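J.: Questions regarding the structure given below will be posed in turn.
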Amino acid sequence: MAKTASHTDTDILNACARIAGRGQNVTNQAVINELGGGTFTRIAPLVKQFKGEAAPVNAPSEPTEAPLNIVSNEIAEPVLKAIASVIAKAEADAKKAIDVEAHKSALALSAIDIQLKTALAEAETMSATIADLEAKLEASASKVKALEKKLSKATKKPAEEQKKLPL
């Protein structure tokens, strides 16, 4: 059975901070367990305050100049170190991811460059082949014309010679 104890507002709020610092859900029961006792009536308003769900208990009517220190250095320092560690790990992971993506992009760009150079070389070869074929076609066309002339002369001569023959 939980012992009854008289806890200050600061004790209760510090218990809330310790629970939250461990990544646990801050509940009335969790605070009672953390403190080793207490009542829901006493703890509930301060748990709500800690969660930002209610105005501060016994809040002064005018704002104070210095904020209430509800978290001791004993708790704050490890929490801040843990947060800094998480941030550092996230930054390192992000840098690794960026480096990996940059490397992938460089490889892809290199592959595209090789494909482009290959395509340009093939286009140059095809252009030379087309020029060669055009030259051969022109030469063949000239030969065809020469052969047609010879054929035309050859077919005219026999016709003229036949006319010369006596019938």
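The values are calculated or read from the model by the stated rules, or taken from the named source; none is laboratory data. Every value quoted in this text rests on a predicted model; they were computed, and no experiment measured them. Methodologically, a virtual Cβ is constructed for each residue, glycine included, from the backbone with ideal geometry; neighbour enumeration extends over all protein chains shown.
J.: Could you list, in sequence order, the residues of segment 8-33 that are part of a helix (DSSP H, G or I) and β-branched (Val, Ile, Thr)? Before the answer, list the steps.
T.: Filtering segment 8-33 down to residues part of a helix (DSSP H, G or I) leaves 9-21, 28-33.
If the condition is that a residue be part of a helix (DSSP H, G or I) and β-branched (Val, Ile, Thr), then Thr10, Ile12, Ile19, Val31, Ile32 are the ones that fit.
J.: Please find, among Asn25, Asn14, the residue that is within 22 Å of Leu80 (Cβ to Cβ), at pLDDT 90 or above and exposed (fewer than 11 other Cβ atoms within 10 Å of the Cβ).
T.: Values: Asn14 fails: exposed (fewer than 11 other Cβ atoms within 10 Å of the Cβ).
Sole residue among the options that is within 22 Å of Leu80 (Cβ to Cβ), at pLDDT 90 or above and exposed (fewer than 11 other Cβ atoms within 10 Å of the Cβ): Asn25.
J.: Which of the following residues is modelled with pLDDT of 90 or more and more than 45 Å from the chain's Cα centre (by Cα): Ile43, Ile19?
T.: Working: Ile19 fails: more than 45 Å from the chain's Cα centre (by Cα).
Among Ile43, Ile19, only Ile43 is modelled with pLDDT of 90 or more and more than 45 Å from the chain's Cα centre (by Cα).
J.: Mind telling me which of the residues Val86, Val79, Val144 ends up being modelled with pLDDT under 95, over 30 Å from Arg18 (Cβ atoms) and among the β-branched types (Val, Ile, Thr)?
T.: Working: Val86 fails: over 30 Å from Arg18 (Cβ atoms); Val79 fails: over 30 Å from Arg18 (Cβ atoms).
Just a single option satisfies the conditions, and that option is Val144.
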